[in-house]
Amino acid sequence: MRAPSPGPSAKPEFRWCRGLALGVDGAAHEGALDAPDDPGRPVTVAVVGTGLDRVYPARHRELAHRIAACGLIVSEFPLGTPPLNQNFPKRNRIIADLSRGTLVVEAALQSGSLITPPGSRPSRARRCSPFPARSTRRCRAAAMP
């Protein structure tokens, strides 16, 4: 038996769920915040590798305040937790677990984003789509089986 198809008023539930890093993360949050409102849904979700009382990188302080006003900022770390290297794989696991899929955009060879797809629990495997990098930069992308 097939489930009924959604009616004409059904809307996709796309939301940005990313870190708060410089570059693509910040640009995606800015784009989501500048898009038209959809009442009742968070505009964008930032998962951070610090306590909620810290903004890292510091230059994203204003962006973090904008996200908090009409989106969500999520952390599993206690208040006061600084941006330690070991926090970011944990943050990436949360991003992968909250997402239906992962789009890896222009990951440098040592990029932390390459651990995001396998960082999710195998029982909650998600789709991963690599997006090609500029041909002038040595990059790679990870894909889940």
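The values are calculated or read from the model by the stated rules, or taken from the named source; none is laboratory data. Since the model is a prediction, treat every value here as computed from it, not as a measurement. Every residue, glycine as well, gets a Cβ built from its backbone with ideal geometry; the counts of neighbours run over all protein chains shown.
Here are a few things to note about the model shown:
- Contacts under 9 angstrom Cβ, first residue in region 69-94 being surrounded by fewer than 13 Cβ atoms within 10 Å (Cβ to Cβ), partner assigned to a loop (DSSP other than H, G, I, E, B) and among the acidic types (D, E), 6 or more apart: L79/D53; G80/D53
- Scanning region 53-68 for residues that are at pLDDT 95 or above and surrounded by 15 or more Cβ atoms within 10 Å (Cβ to Cβ) yields R54, V55, Y56, H60, L63, A64.
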